[in-house]
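In what follows, a structure is listed as structure tokens, so that the remarks can point back to it.
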Amino acid sequence: MQSCEIKDLDRLVSLTCQKSFESLQKAFAQVLCETIEVGGYRLYLNKDLRSDGERRFERVSSRPEKLTEAIKDADGHQLQQLAGFAEIEPGSASQSDNIVLPILNGHTIFGALIVDLGFDFYASTHANVVLSAITIFANQMALLQHSSQDALTGLYNRYMLDNAMEHILSSTQARREGDSGKDPRWCLAMMDIDHFKQVNDTYGHLIGDEVLLQLAQLMKQCFRHDDLLFRFGGEEFSILLKDVNLEQATRTLERFRTKVSDHRFPQVGQITISLGLTYMTPGKFPSALLGNADKALYYSKEHGRNQLNCFEYLHELELLGDYENDANDLEFL
């Protein structure tokens, strides 16, 4: 086997070793950069992978890095066409001056690679490697998507919450050390359904599951695409709100709390939720931030339920009291 073939094989193997969406996407972009030796290309990835979400393509890699407005407009038109197709054969040419390589797994569109046809792409040395990389990347994305979702609600699961928090905090720290612009602000909220055990005891677990499912649907309707929604476990949920301060996050969560309280769940009627909020302070461990949000949630549960409290405000007013250190050890019925 020639050395170039070994390098190509190593590049493809690198895609199978990634355990997060971020690392997999970065590795895929690197493979394309190293493999497409001549000509221009643009890699676009779908940033909203929810089954009921819109397809929002974002350019993550290209040659050259700066594109003309004409190229951006042409790519945007082709991506809109791509988003409307249920099934597309990989490698289908859509324009005379470039070729669109959809990145698909079943009916899920993970993105597209647009390659300029200033050269014969299929006659190039590494064309098969690029096509293989696309297939492997799409398969790996599908596996990660399946393992990252809660089976009942379709929200992200606890593993993805830990992963997302670590990524946000490490990225923020890296930007600060490199002084590379403004950091996006994030807030973390923990949410718990009040008296959920009574729902299961009174109506049965099937109705309880329906309540969880409907609550998840309300979450998807009320929060933005850039916010991240998780089922933490049982009747507890987590929300990562992007680019908001505590005041903005409070307003958003209060609107959602009211919407849930006003909603009528089949057979059960009214359901209320309690919430705890904290700011994702750079430099803190994810476990500490989860603990802070949980303490604020504990305070909400202890002081009447169906309310939102913020850890920073409670701490400043010295309202957390003796249970500040042991709130995480308690469960609520």
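Would a scan of region 55-76 turn up a residue that is modelled with pLDDT of 70 or more, open to solvent by less than 20 Å² (accessible area, probe 1.4 Å) and β-branched (V, I, T)? No, there is no match, as no residue in region 55-76 is modelled with pLDDT of 70 or more, open to solvent by less than 20 Å² (accessible area, probe 1.4 Å) and β-branched (V, I, T). Of all the criteria given as (1) surrounded by fewer than 16 Cβ atoms within 10 Å (Cβ to Cβ); (2) more than 22 Å from A293 (Cβ to Cβ); (3) at pLDDT 95 or above, the one not satisfied by G208 is (1).
For region 189-208, the tally of residues that are farther than 15 Å from S261 by Cβ and not in a helix (DSSP H, G or I) stands at 3.
Scanning region 215-228 for residues that are out of contact with any helix residue (DSSP H, G or I) (no Cβ under 9 Å at 6 or more places or on another chain) and open to solvent by 40 Å² or more (accessible area, probe 1.4 Å) yields Q217, H225, D226. Residues of region 255-280 that are in a helix (DSSP H, G or I), open to solvent by less than 50 Å² (accessible area, probe 1.4 Å) and of a type outside the set (V, I, T): F256, R257, S261.
Of the set (1) at pLDDT 75 or above; (2) open to solvent by 30 Å² or more (accessible area, probe 1.4 Å); (3) under 26 Å from E166 (Cα atoms), all apply to N46 but (2).
Against the list (1) at pLDDT 95 or above; (2) open to solvent by less than 30 Å² (accessible area, probe 1.4 Å), the condition F121 fails is (1). Answer yes or no: is there a residue in region 133-140 that is of a type in the set (S, T, N, Q), open to solvent by less than 20 Å² (accessible area, probe 1.4 Å) and modelled with pLDDT of 90 or more. No, the conditions are met nowhere in region 133-140.
Could we say that D294 is assigned to a helix (DSSP H, G or I) and at pLDDT below 95 here? Spelling it out, it is not the case that D294 is assigned to a helix (DSSP H, G or I) and at pLDDT below 95. In the set (1) modelled with pLDDT of 90 or more; (2) of a type outside the set (A, V, I, L, M, F, W, C); (3) open to solvent by 40 Å² or more (accessible area, probe 1.4 Å), D150 fails one condition alone, (3). From (1) open to solvent by 50 Å² or more (accessible area, probe 1.4 Å); (2) within 21 Å of E166 (Cβ to Cβ), pick out the condition that doesn't hold for D10. The single condition D10 does not satisfy is (2). When the residues of region 281-291 are filtered to those that are in contact with a helix residue (DSSP H, G or I) (Cβ under 9 Å, 6 or more places away or on another chain) and either in contact (Cβ under 8 Å) with a residue 60 or more places away in the chain or of a type in the set (A, V, I, L, M, F, W, C) (or both), the one that is most open to solvent (accessible area, probe 1.4 Å) is F285.
Restricting attention to region 229-243, the residues being crowded, with 20+ Cβ neighbours inside 10 Å and either more than 20 Å from the chain's Cα centre (by Cα) or β-branched (V, I, T) (or both) number 2. Checking S238, S274, S261 one by one, the residue that is farther than 18 Å from L314 by Cβ, among the hydroxyl-bearing types (S, T, Y) and in contact with a helix residue (DSSP H, G or I) (Cβ under 6 Å, 6 or more places away or on another chain) is S238 and no other.
Quick check, is M141 assigned to a helix (DSSP H, G or I) and in contact with a Phe, Trp or Tyr (Cβ under 6 Å, 6 or more places away or on another chain)? When the stated conditions are applied, M141 passes them.
Please verify whether region 175-196 includes one or more residues that are modelled with pLDDT under 95, closer than 16 Å to S238 by Cα, surrounded by 18 or more Cβ atoms within 10 Å (Cβ to Cβ) and of a type in the set (G, A, S). No, there is no match, as no residue in region 175-196 is modelled with pLDDT under 95, closer than 16 Å to S238 by Cα, surrounded by 18 or more Cβ atoms within 10 Å (Cβ to Cβ) and of a type in the set (G, A, S).
The values are calculated or read from the model by the stated rules, or taken from the named source; none is laboratory data. Only a predicted model underlies this, so the values are computations on that prediction, with no experimental measurement involved. Positions of Cβ are generated from backbone atoms using ideal geometry, with glycine treated the same way; all protein chains shown enter the neighbour counts. The area values use the complete protein model at the heavy-atom level, side chains included, leaving out ligands, DNA and RNA. Shrake-Rupley method; radii C 1.70, N 1.55, O 1.52, S 1.80 Å.
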